[in-house]
Amino acid sequence: MSLFRYLLPLPLLALLPFANATAQTKSFLGAGGMVRLSHASNLTPTRNFAGRALMNSGWRQMWDGKPVGRGVGIVRFWQVAKPTDGQGQVTEMIQVGFSRSTAVVATCGTEGMNSGSGRRLPDRMLGGHRWTAYANGDAGMSQQVSAINLRSVINGACYTIDRITYATKAAPPPPRTAPTQAVAAAKMDAILATIKVGRRR
């Protein structure tokens with residue numbers, strides 16, 4: 001099952017136990033202090049932006065086969081979970097990147113978003129900024145990927161957020177200790193709700 005079932009309106013996400021800075025959460029600061037967020041304490045921030053089948057590597061997700069362009073991956077969080085349908089395993093993830101390249105900034109809101117299954121969503125307000133939003137996805141014989149892709153130009157830089165669900169039906173089941181897909185998805189959505197870009201005021 002894709003992540004779309006778990007994408008709640010941002011005001012509701014703020015009510016989730018992982019969304020507020022409590023004993024269960026940690027703060028993350030990246031891009032020279034320009035990106036701030038909170039995450040569940042059992043999740044580890046990583047700079048590994050490796051790709052997978054149906055999913056390109058790099059600092060932002062592209063759905064039309066074009067190069068990702070010049071940019072920097074700020075952080076990725078991910079968690080392997082027990083899929084809702086019980087087949088194989090699913091990885092819920094979220095990643096944030098940015099670029100100051102003039103060419104990238106010029107097409108920040110549209111580049112790489114055209115795909116056979118892609119569609120434009122209403123713009124979203126997040127952290128006080130307006131973000132262009134798209135739903136995208138792809139599927140193969142045993143893999144399936146679905147994503148919400150958010151793009152915004154802030155202080156002259158292109159910032160990207162990719163909220164991804166990656167399912168592999170042919171993979172062995174995850175460990176018994178793995179969370180359910182709903183729990184892992186809620187953690188990633190909670191991170192999304194806390195992302196703030198720009199200097200503190």
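The values are calculated or read from the model by the stated rules, or taken from the named source; none is laboratory data. Everything numeric here is computed off the predicted structure, so don't read it as measured data. Because the Cβ atoms are built from the backbone with ideal geometry, glycine has one as well, and the counts that use them run over all protein chains shown. The accessibility values were calculated without ligands, DNA or RNA, using every heavy atom of the protein model including side chains. Shrake-Rupley method; radii C 1.70, N 1.55, O 1.52, S 1.80 Å.
Miscellaneous remarks
- Matching entry among A147, A171, A167 (being part of a strand (DSSP E or B), open to solvent by 10 Å² or more (accessible area, probe 1.4 Å) and either closer than 26 Å to W59 by Cβ or among the charged types (D, E, K, R) (or both)): A167
- You will find that of Q61, Q79, the residue that is open to solvent by less than 30 Å² (accessible area, probe 1.4 Å), within 25 Å of I195 (Cα to Cα) and in a loop (DSSP other than H, G, I, E, B) is Q61 and no other.
- In the range 150-159, the condition of being outside any strand (DSSP E or B), open to solvent by less than 10 Å² (accessible area, probe 1.4 Å) and among the small types (G, A, S) is met by no residue.
- First in the range 114-127 and touching a residue at least 24 places away in the same chain (Cβ under 8 Å) and closer than 26 Å to L37 by Cβ, second anywhere and small (G, A, S) and surrounded by 13 or more Cβ atoms within 10 Å (Cβ to Cβ), Cβ under 6 Å, 6 or more apart: L121/A133; L121/A135; R124/A133
- Taken across the range 90-100, residues that are of a type in the set (V, I, T) and under 13 Å from D162 (Cα atoms) do occur, with at least one present.
- Looking across the range 82-97 at every residue that is among the β-branched types (V, I, T) and open to solvent by less than 10 Å² (accessible area, probe 1.4 Å), the one that is farthest from the chain's Cα centre (by Cα) is identified as V90.
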